[in-house]
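Step one of this worksheet: look at the structure below.
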Amino acid sequence: MSLTSAATLATLDRTGPRRITDLAAVEGVTQPAMTALVRVMEESGLVERRGDASDKRVTLVCLTEAGASYVRTRRQAGVHAFERLIGELTGDEVEALVAALPALTHLAELERQDREGPKQ
C-alpha cells in the first residue's frame, strides 16, 4: 500500500467521512489522483462512498470495517516497533524521551492542524 493510501485511511479514521476534494487537499494530491486512489481502495474493500445526508449532491468517502482494521493493525505494528527500540535505550535516553513528550505531542498537533486545515 502506498504512503498516500495509508495516510488517507488514517485521515478518514481520525476525522470521519470526507469529500474527495477535502482528502486531496489534506493529502497534498490532485483531485483526479485522489479519485483514482479512492477507487482502488474501494475495490479493495477499505473504503466506501456514501451520500451526504445534508447535501444529496455530495458523496463522502468512508472507512469500512476492513479499512478501520487496517489502520488499527498498522498503528499497533508501529507501537510494537517503538516498544522494541525503546527497550534498547539507556535509562538516560529514556528519561530524555519522557521529558520531550509534551513538546513532541504539541508538534504533532501543530502538524495535524496544518495538514487538515481549520475545522469546519
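Could you tell me which of the residues 88, 83, 95 is surrounded by 10 or more Cβ atoms within 10 Å (Cβ to Cβ), farther than 21 Å from residue 15 by Cα and either hydroxyl-bearing (Ser, Thr, Tyr) or free of Cβ contacts under 8 Å to residues at least 40 places away in the same chain (or both)?
Exactly one of 88, 83, 95 is surrounded by 10 or more Cβ atoms within 10 Å (Cβ to Cβ), farther than 21 Å from residue 15 by Cα and either hydroxyl-bearing (Ser, Thr, Tyr) or free of Cβ contacts under 8 Å to residues at least 40 places away in the same chain (or both), namely 95.
Looking only at segment 39-59, decide whether some residue is farther than 21 Å from residue 1 by Cα, under 22 Å from the mean Cα position of the chain (by Cα) and in contact (Cβ under 8 Å) with a residue 40 or more places away in the chain.
Yes.
With the structure loaded, tell me whether residue 32 is touching a helix residue (DSSP H, G or I) at 6+ places or on another chain (Cβ under 9 Å) and open to solvent by 50 Å² or more (accessible area, probe 1.4 Å) or whether it fails that test.
yes
Would you check which residues across segment 43-87 are among the charged types (D, E, K, R), within 24 Å of residue 25 (Cβ to Cβ) and at pLDDT 95 or above and list them?
Matches in segment 43-87: 43, 48, 49.
The values are calculated or read from the model by the stated rules, or taken from the named source; none is laboratory data. Keep in mind it's a predicted model, so treat the numbers as computed, not measured. All Cβ positions, even for glycine, are placed from backbone atoms using ideal geometry, and neighbour counts span all protein chains on display. We work out accessible area using only protein heavy atoms, side chains counted, and drop any ligands, DNA or RNA first. Shrake-Rupley method; radii C 1.70, N 1.55, O 1.52, S 1.80 Å.
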